[in-house]
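Q: Take this structure first; my questions come after.
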C-alpha cells in the first residue's frame, strides 16, 4: 500500500521539523507545501503550529495559498490545524484584530485572560488533560480517557460557544477552552500532537485514517 | 487541569560534554549529551531543558548542528539555550524543532532583545533563565548569565517583574547557591516569586529527592520543577545512572492525590 | 586509506546438517556427513562445563560456588563480588542470584555512550535491591567514539571489541580498587557456546586491537583506558587474586525462564531481540554484521538451542528466513548510529558496502595466547570453555 502524503502548509515561520518527524514515526511522508500544486498532490493537509496569527494570514495571502487551500478543504481534503493552525481555521484572533481567519469553524480565538492571573499563568505551558462532555470526537479514538494528556504552549485560545454542535473536547485553564474540534474532515487541536507521546501519534493516525490514498 | 512539569535539565560545556555542575563551579563528566537526550526522550520526560553553559563565554551560540541532532533523535518538548544573542539565533533554533529558547546572558545589557524576541516569535517560545546568585536574608539577588564579580546580582523580584513586562513567556529561576547540592529548594522564595508572577515559573537547582518536589508543590502551584542531579545519578550517590520513570510515576500519583486542592 | 582484500578462505556455501552454522564463518569445517566443527565442539567440549551434559550433576554447584566466594572474601573488603550490569537478562539474572544468596554485590555499569532507556531502567531496578551497591564508569565519549570508528574502518566484524575490552578493564579496575577477589560474569555456554572466532575475535588480544587502532592513526594513549591486555589480566589473576566466575554455567540456565523471572520479581523490561540493551549492539548484530559480512548472530544462538533440544532445526531455519533487521526502522537506526559516530549516513553505508576483512588480516597473537591460556588451564586444572 503506498505511503500517505501529508502537505504541511507553509506559513513562513516556526518549525515543521517536529511534525515531519512525527509523521515519519507513523510511516507517513510529510513535506512543506509552498505552492498550490504541492497542496494538490497531498492526501491530507496540516496547518502547523508556531507563529503569529497576523503574519500567518498575511503569508497565506502573499504566497497565493489562501484560495487554493480554502477550495481544497471545501472539496473534502482532510485538514488538521495545530495550535496556530487551529486558530487560523476559526473566524478571527485577538492576536491580530484586523485579520480574517479561514472561518471553517464558527469560533473565535481570544487572548487568555484569567480571572486569577497569579494562579493561572499565561502562556498556558505544559501538559493538560482533555474532557468531552458529549460523545468523544473520533480524533481521540483508541486513546484511553486516562491518557488524554497533551502538550500545550499557547497564550491564545479558542472560546467554546454555547450550542456548538460539532464533536469537540475541552481543556481547563481557569475556564474551559476548546482543545479539539472536528467538523467533517476538518480538525483543529490546540495542543501539539507531534510532541505528545504515543497518544499524540495515535491522534495523527486517527486523522489520516480517513484520508484517501 | 494543567499539570506542573517535571523537567530534566542537561548542561553541556564548550566541548559538548554532558556535565553536572556544583554551585556553577565544579564539573562532573557525564558522557555524551546526544545519548542522554535520546535516553530521556525514551523516558518520556515532560520537557527537556538543555543549556550550553560555556557558549557566551566563548562568544557564540549553542551549536546548531548539536541542536539539530538533539531535535532529530528526540520527540519530547525541548527548551534550548546558551549564548543566544540575536533574533536569527532564535529563528534557527525554533526551525530545528525546539519548542522554546532560553535567554540569559544576552539580557545583561538590557531587555530590548527580550521584547523584540517575544514580539517576533510569540512569548510562548521565549524562556528567560535567571540565576539566583545570593540569598542573604530578605535580599535575594539574581543575574542574567553566570554570576561573577563583574556580573553582580540585582534584586530578584524587580528583575523577574521586568522580564515579565518585557514579554518573557516563562521564567526559570536557577538557584546557583544550591546547584548540585541536593539540599532542596528555597521554598519561601519560590512561593513568593510564583505568587507575584503571571507567567509560568520553573524551579531549578538543589532538587535531591521526591520530598523536595513534594514540599515545593505543597507550598505553591509552581509551573515546573527541573532537576539535574536527581535524574543523572543513582539515588543518593554520585554515580551516574540516568533515571526518570520512577520519579515520574511517583509524581503522577502525587498529583492525583493532590487533585482535590485544584478545583 | 586503500582498502585491502582479505586472506580469508573463499568457500562455496554450505550449512551444517545438524545445527544451522554455515560458511559465513569462512573457517568452518565439516565432517564427511556435513556436521560442523561448532556443534561437535559444543557438545563434546563446551557443554561439559555445565550441568547440561549431565543434569544429575547440577546439585548444589551454584551454592558451592557462592560458598567458595564467601569464604574467599579478604578481611576488610566490603563486597564479595563485582558484577557488570548492562540491563540485559544475563547480567541481571547473575546479580539477582548473587543477591538472593546473600552475597554483598558491587554492581558496576559502564556507560559507553550507547545505553538505551529500557536497559537503564533495568539497571536501576537491579541496583535498588538490598545488598547491592552501585558504581558507574562513564567512558570518555569522544575518545571511545574514535576507537569505535577505528574498528569500523578496519573492516573487521569485531566492532564490538572496544566495548568488550573496556568492560573487562572497568570491572578489573573496580575489583582492584575495592580489593574484591571475584568478578561474576553473565557469560554462559547455554546461549553463547557457539560463536565462531571469526565473528568475534578474542578481546584480550591487545596486539590485534592495537594494530587496528594504529592503522587508523589514532594515538595509543586514547586507547589506553579502554584496554585490559594479557599482562594486566595475568597480574590481576596471579597477584591480586582476581578471578572471573560464571554462575550461569553452574546450572541448566534457561534464558527465557530467567527473563520471565526477572519480569515478575523486579519488573524488568524486555526490549525485543538479544543484546538490544545497547543501540550499538543492536546495529552491530542486526544490521552491520548481516549486511557487511553476511553474519547472522542468531545462527549461533539457535545452533546452541538445537544442540540443547530447545528448538528443532526446521524451526530454527524458519526463524532465520526473516532478515535480522525486519523489526527495525533500519533507516532511522543507521541515521542515529551515523550521527553519533560523526559519519554521514551515506558514508556509513559506503563503508558497509566495502569487502570484508577478518582478524587474520591483522597482526595478532592468537597462537601465542592459545599456548599461554592452555598452560594456565593445565596449571589450574580448569577446562577450556571458550574459543580462546
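Q: Can you tell me which of B:110, B:82, B:153, B:138 is under 30 Å from residue B:237 (Cα atoms) and more than 14 Å from chain A (Cβ to nearest Cβ)? Give the steps one after another, and end with the answer.
A: Details: B:110 fails: under 30 Å from residue B:237 (Cα atoms); B:153 fails: under 30 Å from residue B:237 (Cα atoms); B:138 fails: under 30 Å from residue B:237 (Cα atoms).
Among B:110, B:82, B:153, B:138, only B:82 is under 30 Å from residue B:237 (Cα atoms) and more than 14 Å from chain A (Cβ to nearest Cβ).
Q: Could you go through the stretch C:282-293 and let me know if any residue there is under 20 Å from the mean Cα position of the chain (by Cα) and either part of a strand (DSSP E or B) or within 14 Å of another protein chain (Cβ to nearest Cβ) (or both).
A: Yes, there is a match, as at least one residue in the stretch C:282-293 is under 20 Å from the mean Cα position of the chain (by Cα) and either part of a strand (DSSP E or B) or within 14 Å of another protein chain (Cβ to nearest Cβ) (or both).
For every residue, the table says whether it meets (1) touching a helix residue (DSSP H, G or I) at 6+ places or on another chain (Cβ under 6 Å); (2) within 13 Å of chain C (Cβ to nearest Cβ); (3) buried (at least 18 other Cβ atoms within 10 Å of the Cβ); (4) free of Cβ contacts under 8 Å to residues at least 12 places away in the same chain.
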residue	(1), (2), (3), (4)
B:11	no, no, yes, no
B:32	yes, yes, yes, no
B:35	no, yes, yes, yes
B:62	no, no, yes, no
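Q: Go over the candidates C:225, C:203 one by one and state the one that is assigned to a helix (DSSP H, G or I) and either within 14 Å of chain B (Cβ to nearest Cβ) or at pLDDT below 95 (or both).
A: On the way: C:203 fails: assigned to a helix (DSSP H, G or I).
Answer to the check: C:225.
Q: Which ones in the stretch A:173-208 are without any contact (Cβ under 8 Å) to a residue 60 or more places away in the chain and either surrounded by fewer than 16 Cβ atoms within 10 Å (Cβ to Cβ) or in a strand (DSSP E or B) (or both)?
A: Listed by number, the residues that qualify are A:176, A:179, A:180, A:182, A:198.
Q: Let me ask something additional. Can you tell me which of B:160, B:192 is assigned to a helix (DSSP H, G or I), within 14 Å of another protein chain (Cβ to nearest Cβ), at pLDDT 95 or above and surrounded by fewer than 19 Cβ atoms within 10 Å (Cβ to Cβ)? First the steps, then the outcome.
A: Numbers: B:160 fails: surrounded by fewer than 19 Cβ atoms within 10 Å (Cβ to Cβ).
Every option except B:192 fails the conditions.
Q: Turning to a different aspect of this structure: Quick one: in the stretch A:111-125, which of the residues that are more than 17 Å from the chain's Cα centre (by Cα) and within 7 Å of chain B (Cβ to nearest Cβ) is farthest from residue B:202 (Cα to Cα)?
A: Per the criteria, the residue is A:117.
Q: Using the structure shown, decide if residue B:18 is at negative phi and free of Cβ contacts under 8 Å to residues at least 40 places away in the same chain.
A: Values: at negative phi: yes; free of Cβ contacts under 8 Å to residues at least 40 places away in the same chain: yes.
Judged against the criteria, residue B:18 is a match.
Q: In the stretch B:195-229, how many residues are assigned to a loop (DSSP other than H, G, I, E, B) and either within 14 Å of another protein chain (Cβ to nearest Cβ) or in contact (Cβ under 8 Å) with a residue 40 or more places away in the chain (or both)? Even if it seems obvious, please write down each step before you answer.
A: Residues of the stretch B:195-229 that are assigned to a loop (DSSP other than H, G, I, E, B), as a first pass: B:197-200, B:205-209, B:220-223, B:228.
When the remaining residues are screened for being either within 14 Å of another protein chain (Cβ to nearest Cβ) or in contact (Cβ under 8 Å) with a residue 40 or more places away in the chain (or both), the result is B:197-200, B:205, B:220-223, B:228.
So the answer is 10.
Q: Within the stretch A:1-51, count every residue that is within 12 Å of chain B (Cβ to nearest Cβ), over 14 Å from the mean Cα position of the chain (by Cα) and on the phi > 0 side of the Ramachandran plot.
A: Number of matching residues: 2.
Q: I've got another one for you. Could you figure out which of (1) in contact with a helix residue (DSSP H, G or I) (Cβ under 6 Å, 6 or more places away or on another chain); (2) without any contact (Cβ under 8 Å) to a residue 12 or more places away in the chain isn't true of residue B:167?
A: It fails just one condition, (2).
Q: Hey, which of the strands (runs of 3 or more DSSP E) in the stretch A:1-57, taking only ones fully inside, have at least 3 residues that are surrounded by 19 or more Cβ atoms within 10 Å (Cβ to Cβ)? Steps first, please.
A: Values: elements: A:5-9, A:29-33, A:44-47.
By residue number, A:5-9, A:44-47.
Q: For residue A:60, are the conditions met, namely being surrounded by 14 or more Cβ atoms within 10 Å (Cβ to Cβ) and at pLDDT 95 or above? Spell out the reasoning first.
A: Details: surrounded by 14 or more Cβ atoms within 10 Å (Cβ to Cβ): yes; at pLDDT 95 or above: no.
Taking the combined requirement at face value, the residue does not satisfy it.
Q: Across the stretch B:37-46, what is the number of residues that are crowded, with 16+ Cβ neighbours inside 10 Å and either closer than 19 Å to residue C:137 by Cβ or touching a helix residue (DSSP H, G or I) at 6+ places or on another chain (Cβ under 6 Å) (or both)?
A: Restricting attention to the stretch B:37-46, the residues satisfying the condition of being crowded, with 16+ Cβ neighbours inside 10 Å are B:37-43, B:45-46.
Adding the requirement that they be either closer than 19 Å to residue C:137 by Cβ or touching a helix residue (DSSP H, G or I) at 6+ places or on another chain (Cβ under 6 Å) (or both) leaves B:37, B:39, B:42-43.
Total meeting the criteria: 4.
Q: Looking at the stretch B:113-131, which of its residues are surrounded by fewer than 21 Cβ atoms within 10 Å (Cβ to Cβ) and more than 9 Å from chain A (Cβ to nearest Cβ)?
A: Scanning the stretch B:113-131 gives B:113, B:115, B:116.
Q: Residue C:117 passes all but one of (1) over 21 Å from residue C:255 (Cα atoms); (2) within 14 Å of chain B (Cβ to nearest Cβ); (3) crowded, with 23+ Cβ neighbours inside 10 Å; (4) in contact with a helix residue (DSSP H, G or I) (Cβ under 6 Å, 6 or more places away or on another chain); which number fails?
A: (3)
Q: Which members of the stretch B:20-30 meet the condition of being surrounded by fewer than 22 Cβ atoms within 10 Å (Cβ to Cβ) and within 12 Å of chain C (Cβ to nearest Cβ)?
A: Let us first name the residues in the stretch B:20-30 that are surrounded by fewer than 22 Cβ atoms within 10 Å (Cβ to Cβ), namely B:20-29.
Those that are surrounded by fewer than 22 Cβ atoms within 10 Å (Cβ to Cβ) and within 12 Å of chain C (Cβ to nearest Cβ): B:20, B:28, B:29.
Q: Only one of (1) in contact with a strand residue (DSSP E or B) (Cβ under 8 Å, 6 or more places away or on another chain); (2) within 13 Å of chain C (Cβ to nearest Cβ); (3) more than 23 Å from residue B:223 (Cα to Cα) is not met by residue B:45, so which one is it?
A: Single failed check for residue B:45: (3).
Q: Check the stretch C:141-156 and report whether any residue there is facing chain B (nearest Cβ under 9 Å), modelled with pLDDT of 95 or more and part of a strand (DSSP E or B).
A: no
Q: Taking the stretch B:132-145 on its own, how many of its residues are surrounded by fewer than 17 Cβ atoms within 10 Å (Cβ to Cβ) and in contact with a strand residue (DSSP E or B) (Cβ under 7 Å, 6 or more places away or on another chain)? Full working, then the answer.
A: Start the filter on the stretch B:132-145 by keeping residues that are surrounded by fewer than 17 Cβ atoms within 10 Å (Cβ to Cβ), which leaves B:134, B:136-139.
Still in the running and in contact with a strand residue (DSSP E or B) (Cβ under 7 Å, 6 or more places away or on another chain): B:134.
Final tally of qualifying residues: 1.
Q: Taking the conditions exactly as written (within 14 Å of chain B (Cβ to nearest Cβ) and free of Cβ contacts under 8 Å to residues at least 24 places away in the same chain), does residue C:367 satisfy them or not?
A: no
Q: Shifting gears a bit: Can you tell me which residue within the stretch B:239-257, out of those that are within 22 Å of residue B:19 (Cα to Cα) and facing chain C (nearest Cβ under 9 Å), is farthest from the chain's Cα centre (by Cα)? First the steps, then the outcome.
A: Taking the stretch B:239-257 and keeping what is within 22 Å of residue B:19 (Cα to Cα), we get B:239-245, B:247.
Subsequent filtering for residues that are facing chain C (nearest Cβ under 9 Å) retains B:239-245.
Numbers: B:239: 22, B:240: 20, B:241: 20, B:242: 18, B:243: 18, B:244: 16, B:245: 19 Å.
Among them, the one singled out is B:239.
Q: Now for a separate question. Return only the number of the condition from (1) surrounded by 14 or more Cβ atoms within 10 Å (Cβ to Cβ); (2) more than 20 Å from the chain's Cα centre (by Cα); (3) at pLDDT below 95; (4) in a helix (DSSP H, G or I) that residue C:269 does not satisfy.
A: (4)
Q: Going by the conditions given, is residue C:327 surrounded by fewer than 18 Cβ atoms within 10 Å (Cβ to Cβ) and in a loop (DSSP other than H, G, I, E, B)? Let's see the steps before the verdict.
A: Numbers: surrounded by fewer than 18 Cβ atoms within 10 Å (Cβ to Cβ): yes; in a loop (DSSP other than H, G, I, E, B): yes.
Considered against the rule, which asks whether it is surrounded by fewer than 18 Cβ atoms within 10 Å (Cβ to Cβ) and in a loop (DSSP other than H, G, I, E, B), residue C:327 comes out as yes.
Q: Let me ask something else. Conditions first: (1) under 25 Å from residue C:354 (Cβ atoms); (2) at pLDDT 95 or above; (3) more than 9 Å from chain B (Cβ to nearest Cβ); (4) surrounded by fewer than 23 Cβ atoms within 10 Å (Cβ to Cβ). Residue C:132 passes all but one, so which condition is the exception?
A: (1)
Q: Further question on the same structure: Provide a single number: the residues in the stretch C:61-71 that are over 18 Å from residue C:253 (Cα atoms) and in contact with a strand residue (DSSP E or B) (Cβ under 7 Å, 6 or more places away or on another chain).
A: Quick first cut of the stretch C:61-71, residues over 18 Å from residue C:253 (Cα atoms) only: C:67-71.
Then drop every residue that is not in contact with a strand residue (DSSP E or B) (Cβ under 7 Å, 6 or more places away or on another chain), which leaves C:69.
Qualifying residue count for the region: 1.
The values are calculated or read from the model by the stated rules, or taken from the named source; none is laboratory data. Just so you know, these numbers come straight off a predicted model, no measurement behind them. Every residue, glycine among them, receives a Cβ derived from its backbone with ideal geometry; neighbour counts consider all protein chains shown.
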